[in-house]
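Before any comments, here is the structure.
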Amino acid sequence: MNIRKAVITAAGASQRTLPLQTLVDRDGTTKTALAIIVEEALGSGTEEICVVVHPGDAETYRKAAGAHSQRLQFVEQTEARGYGDAVWCAHQFTGDDPFLLLVGDHLYLSRETRGCARQLVEVAAAENCAVSAVQATHESKLPYYGVVGGRLADHRKGLYLISEVMEKPTPTVAEQRLIVPGLRAGNYLCFFGMHVLTPAVVKSLAADRAAGGKMHLSHSLMKLAERERYLACELQGRRFDIGLKYGLLNAQLAFALSSPDRSEILSGLVELLAQEAR
Amino acid sequence: MTTRLIEIITATDPLVRNQSLEALCERASATELIAACTELDAFRRRSNNLYERVRALFFLYAIHRFHLPEKLSAGDHNAMIPFRGFEHLLQRRFEEATDEFLAVQAASGASDAISSALAATYQRLAFQTLADQVRRSVRSVRGNQWMFRMGHPADHPLRLRSELRQRAANGSYPVLRESTPVRMDLSHSGWSDIFFLGMDFPEGARVLNVSIDLGVHGRDTKTRPPVEACLRVIDEPVLRLTSVDLGASANITELAEVFDFARDYLGLLKAAVIAAGIVPPGIEGSGQSLADLLAQVVGPGCGLEIVSHVNDIPKGSRLAVSTNLLAALISVCMRATGQATALTGALTEDERRLVLARALLGEWLGGSGGGWQDSGGVWPGMKLICGAAAVEGDPEFGISRGRLMPAHRVLNEPDVLPETRERLQQSLVLVHGGMAQNVGPILEMVTEKYLLRSAAEWAGRQQAIGVLDDILVALREGDVRRVGELTTRNFGEPIQTIIPWATNAFTETVINRVRAEFGRDFWGFWMLGGMSGGGMGFIFEPGQKARAQERLQEIMSQAKRELQHALPFAMEPVVYDFAINERGTWAELLRGEDALLTGGYYALHVPRWLRADPKTLTSARRAELEQFSLACRNRPELEHMMPALFERLLPRPKSDGGRKQTLEELLDQNGFDRVQHEQIREDLKHGRVGMAQNRLPVSASIQDVQDGDVFDAGRPLADSYREAGLAALKCGELAVVTLAAGVGSRWTQGAGVVKALHPFCKFDGAHRTFIETHLAKSRRVSQLAGTTLPHVFTTSYLTHAATEGFLKQQENYRYAGRLLLSPGRSIGLRTIPMVRDLRFLWEEMPQQRLDEQQQKVRDSLRAALINWARTTGEGGDYTDNLPGQCLHPVGHWFEVPNLLRNGVLARLLQERPQLRHLMLHNIDTLGADADPAMFGLHLAQDACLTFEVITRRLEDRGGGLARVNGQVRLVEGLAMPREEDEFQLRFYNSNTCWINIDRLLEVFRLSRTDLDDAKKVSAAVRTVAARMPTYITIKDVKKRWGHGQEDVFPVTQFEKLWVDMTALPEVKTQFAVVPRLRGQQLKDQAQLDGWLRDGSAAHVASLCQWS
């Protein structure tokens, strides 16, 4: 599988401004969140990027993308029909190709030399199937994420064969259907905000769109799990949801602590703490 | 034999596994049985398998309870039950208790006393093991586990569905309303829905369960789901719970209060909130804030209001109303928090199963527990519920053979055609007989008999399984008449074979009268639930149903009137209308103007709102009042609300003004001594008398009697005694006095019925009362002596009229001899207990600790009762109940002097001047009769009093025969200075006492001729009474209210006891140890089954001549 395309969704009414926020990246330069996400995508080897935006936002986003702005295509999501619909909006762009899917309000920090997106794309290419990045998450966070259930794929650590996908399940349902052997009690595999998907997902979304109503990506991913080999992969990295309270601050701190300015940031923090203690 | 027993337990072959213990024990010697017990004890300690451990424990219990005692030598009086072991037992440290008792057995040899202690310990350990496993299984059900992990509001993973947070234009939040049918068990499953049966014998655990809507015949115009639960968001960070039918409501602001189940009548709602995961069990005791938790789940500053309503269906209906209400509440909470996919309409099968699992959890939390079929109302229509084998992956796999949760199969058209369902509804008359009984002991008996595979009971279980198959065939064929035949057979044969106590005199009277009146049109009887007398079904030819409904009401009411003093009735019998509910539990979302709670909710709350300062009413509440008032004008079902509200706002004077007057009259009529009452109250309030002051001084020396202090009448007595006794009987020197003035508080847990009239057991094919049984013994002795034996029953204000009426109705059971009632002459008025005494009783006295959750509920209840005593006024008169429940008899000491005061003894002596002796005994000492040999012994002893004592078993608590400071006398348990003293005393008082009349009169300084001088007799009685200690006791009294609801209150009363006569130095008293079968007492209905099985009943039968 050759993954050359990436889709970034940023059309949600509450997240329109998030990709436009600026922060200092690991290399010490100031960028918008969108630029960092685009770099994450490009770092994975993808060549074409489509950003799904709210009507009228394209120009602002193009400016925010900085150096890579010319490599971006924009499509508008004209109706607020859910995340599934946002992905479907890029169907002409994705065509019959597999694609990397990212969200505009998540930033990633890899624990190794390869970026998170690259790790994912390499797994998908090797396994030749759709793969979603996941992270073991405590059940108290279930109201915020899509969750997958399954078992280890071929006994390989960190790689799971998905059998169930549910959007924001209650712990009651999660305990009945989403327990994954090997995880600590009360922990589930929640989406990391990063997927490599196959055209089957877009077809499924198209069918959902025809049926009307809200469109959840999880629903199409569940169908995917029923029809194709579909894996989940735990990546060597961390995810920051900049839409959460202090999300941007946390992301900035994590980036700074991974940057050449680490000592300066640490001493600043210590000073702050010392003053607080007084 | 030992190997054989363990083989039976471990066998996989059903033919070996299902063998009964009795058959093997019958032939074994005492030595073999003791050896078998040693091996079994070692086996159960090393086995990891739940089933093996539990069955071995029940084998051990049964050997020590039923088989070993009868094979031990009768003369062994030396073994003492170690107090330490007893303490361990009370604290549920069963293993330590067993070790203590076994150590004594090893040192002193086997004995009746130690066997009784071991039997009790093994039995309780067995049930504890089962309860622990059910609890573990409930917790380990997937979908329940997370709730035990969650301990902080910030981690709460549930969120209220957004639909419930959207206000309408009028500002109201939507109301989510769940309506749930109740369930009936169409075959009676032979109690196979008990969890352990289902988990151990899944193939035999099957129930035909039907969801039904109900209405009370003649009251309701149509049937409807009897159970309703509503939920809505409120603008306060509290949990507002309301039980409409119990008239209780609370704004809960603290997490700890949610877990305080017995604090008010809202325990079921609290259990539902916890079991549904809104306040998960894991957060108990965390010290976190309820407001924070609600902010997380519902939204900042918001809370939840949850309301339950049962459509006035009486308690004890055997239709699992409480469990289905719990299920409805859980269901509405689960829907609201997204744990069910559909907010409205039906639940999916997976969701129903989850509601069942949560209901099991809720019942466990609330300290109760029904069968696994009880949440059947959640499912639609008719269904077969079956035990399921545990397979790999189940939490039960490798632990028990079956799963905790059964499988439900809804019966569809080929199983039961619509026309058959219709015919069934046209034929079946569903009733509530009005009886309220505790079915807990029955369920324990069933479990025990199943594990012992007692031959007859095991065959009965197989037969019941066959009956269910036949009923399914009859339903498939549409043959309702055949269903009636089968349910009747089921009741008459297997059910009563397994549990003889499933039937009672009331049920059989009603069945016989219905059969006599309807003949072939009466197709059958069908018992519901744990035992009959409450919910029951009668099947008729469809054309007769309307008449049958009218007549059944009359027949039941008539039978109740006849038996109301003999059996515990909680309410007037009721006939229901019912319809099969084909959709199961169902929810609706009420929005805008429709977003109202039930009418009963407003009847409860609106008067409070209107009485409050209008300025304090929130705008939301004002809006709701407007909305409700509009609905009252426009909605026909709320038409009655306005008059009901006025009634609440301006209540008419209660008609219980008359009741209070009756209480005063009763006190006057029964010789209530107000001066003495005030004196006792003063003494109580100032701590001069009380539970702690009942005790002898701690300096008193309490020692066991020496061998010469008692006569051993445990072995057959010499012929000379028998001959002398018989000769005196022939001369008419003896009369029997049965103490029947009390109501037997323990017998019916304070229900206030007359124990003497209770038709407690079947003898010779009919239910017999205690009175009839005692008369049957006197009839036999009369025949033996060739002359009739006079028989006196003492009565009190509580029992006199009922006993007199009953005996008249029964024509004195055709007793040929003189039969007299000796009415009481003294009465007491119960008082509100002192907190000090309640604490002494509950905290200082040894108490049986309950299973963890039940203990928690009991502690909470006791805290509430202490608060009740404090706020109602300690030491005040207890008058908030029926008059009869406010009074108390003043102890059986007075019952003998009453014979002197009320002229009964004078009359007897006038009629029979040769009368010289009385045999006095308790109503529940069924083995006591005017045995010629014992009478001869009393004559030979030449004593004023000869008391019969028995060797002590564990259950014989309450004093005994002792040397007190060197004097041999009986000491009441209340007077024991230290608890452990009682455990040094080998002999327990049977309270059977032979009295030499003339010697007793001497003690009172009276002669036979003085008995006509009422003044002199009264003065004499007062003088002796003054020398008798007065004990303060606390008894339970039931207060009934609503539809069959009962509350039990502790009340203080005082009493003087006959045994203290043995302390008077001038009263020459002798003591004789008699066989247990003669001296044991029946205090509690839970004893009946063991009493029947250990040969006691057969012994009593051998003493009786019924006609």
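Read-outs throughout are calculated quantities, based only on the coordinates presented, and are distinct from any laboratory measurement. All values reported here derive from a predicted model rather than from experimental measurement. Neighbour counts are summed over all protein chains in view; Cβ atoms, including those assigned to glycine, are modelled from backbone coordinates with ideal geometry.
Points to keep in mind about this one:
- Among B:THR616, B:ALA644, B:GLN627 the positive-end extreme of the charge dipole of the stretch B:605-648 (Cβ point charges): B:THR616
- In a reduced charge model with +1 at each Lys and Arg Cβ and -1 at each Asp and Glu Cβ, the protein assembly as shown shows a dipole moment near 1140 debye about its Cα centre.
- Among B:THR831, B:GLY786, B:CYS333 the positive-end extreme of the charge dipole of chain B (Cβ point charges): B:THR831
- Looking at the stretch A:195-254, the chymotrypsin sites (Phe, Trp or Tyr not before Pro) that sit in a DSSP loop and have at most 12 other Cβ atoms within 10 Å of their own Cβ are A:TYR246.
- Three principal axis lengths of chain B [C-alpha, angstrom, descending]: 93, 71, 63
- Two-decimal Rg to Rh for the stretch B:2-140 - Kirkwood Rh, Cα set: 0.98
- The Cα-based radius of gyration and maximum Cα-Cα distance (Dmax) for the stretch B:605-648 are 11.0, 32 Å.
- Whole-Hz Karplus values for the stretch B:115-125 come out as 4, 5, 5, 5, 4, 4, 5, 4, 5, 5, 5 Hz, taken residue by residue from phi with 6.51 cos²θ - 1.76 cosθ + 1.60 and θ = phi - 60°; glycine and proline positions read x.
- Sorted from longest to shortest, the spans of the Cα atoms of the stretch A:5-277 along the three principal axes equal 56, 45, 33 Å.
- Stretch gain in nm, segment B:VAL391-B:ASP880, where the contour uses 0.36 nm per residue and the Cα spacing is subtracted: 170.5 nm
- Karplus-derived 3J(HN,Hα), 6.51/-1.76/1.60, for each residue of the stretch B:347-361, Hz, glycine and proline x: 9, 7, 4, 4, 5, 4, 5, 5, 4, 4, 4, 6, 5, 4, 4
- Eligible lysines near B:LYS777 by straight Cα distance, threshold 17 Å, same-chain separation 8 or greater: B:LYS730, B:LYS762
- Prolate/oblate/rounded label for the stretch B:545-642 (Cα gyration tensor, a/c 1.5): prolate
- For the stretch B:113-227, a Kirkwood hydrodynamic radius built from all Cα pairs, placed in the Stokes-Einstein relation at 10 °C and 1.306 mPa s, yields a translational diffusion coefficient of 80 µm²/s.
- With the gyration tensor restricted to C-alpha atoms of the protein assembly as shown, the semi-axes of the equivalent ellipsoid amount to 71, 34, 32 Å, longest first.
- Separation of the alpha carbons by more than 25 angstrom is noted, of B:LYS755/B:LYS1068; B:LYS755/B:LYS808; B:LYS856/B:LYS1038; A:LYS5/A:LYS63; B:LYS222/B:LYS560, for B:LYS755/B:LYS1068; B:LYS222/B:LYS560.
- Summed over qualifying helices (DSSP H, 4 residues or more, each -39500 (n - 2.57)) and divided by its residue number, the protein assembly as shown shows a 222 nm mean residue ellipticity of -12000 deg cm²/dmol.
- For the stretch B:387-419, the set of GluC sites (Glu not before Pro) satisfying both a DSSP loop assignment and a count of at most 13 other C-beta atoms within 10 Å is given as B:GLU392.
- In sequence order, calculated HN-Hα J values of the stretch B:99-112 (Karplus, 6.51, -1.76, 1.60; Hz; x Gly/Pro): 4, 4, 5, 5, 5, 5, 4, 5, 7, 10, x, 5, 8, 4
- Fraction of beta bridges assigned by DSSP in the protein assembly as shown that are antiparallel (%, nearest 5): 75
- Counted over all Cα-Cα pairs of the stretch B:839-948, pairs farther apart than 16 Å make up 78 percent.
- Stokes-Einstein diffusion of the stretch B:265-421 at 10 °C, 1.306 mPa s viscosity, Kirkwood radius from Cα pairs, rounded to a whole number: 91 µm²/s.
- Modelled this way, with points 7 Å down the Cα-to-C-beta line, the labels at B:GLN984 and B:ASP764 are 4.8 nm from one another.
- Förster-model FRET efficiency, 60 Å R0, B:ALA35 and A:THR30, C-beta, rounded to 0.05: 0.10
- Projected area, mean over directions - the stretch B:537-582, Cα convex hull, nm²: 4.2
- Charges were assigned to the Cβ only: +1 to each Lys and Arg, -1 to each Asp and Glu. The resulting dipole of the stretch B:914-996 about its Cα centre is roughly 220 debye.
- Between A:THR78 and A:ARG262, the contour length at 0.36 nm per residue exceeds the alpha carbon distance by 62.0 nm.
- Each of A:TYR188, A:SER263, A:PHE74 was scored by the projection of its Cα onto the charge dipole of chain A, and the greatest displacement toward the positive side belongs to A:TYR188; charges sit on the C-beta of Lys, Arg, Asp and Glu.
- Spherically averaged projected area of the stretch A:99-204 from its Cα convex hull (nm²): 7.2
- The loop-placed GluC sites (Glu not before Pro) in the stretch A:1-73, going by DSSP, that have at most 16 neighbouring Cβ atoms within 10 Å of their Cβ come out as A:GLU47.
- Dipole moment magnitude, nearest 20 debye, the stretch B:2-140 about Cα centre, only Lys, Arg, Asp, Glu C-beta charged: 620
- Cα gyration tensor of the stretch B:1017-1107 - equivalent ellipsoid semi-axes, whole Å, descending: 31, 29, 13
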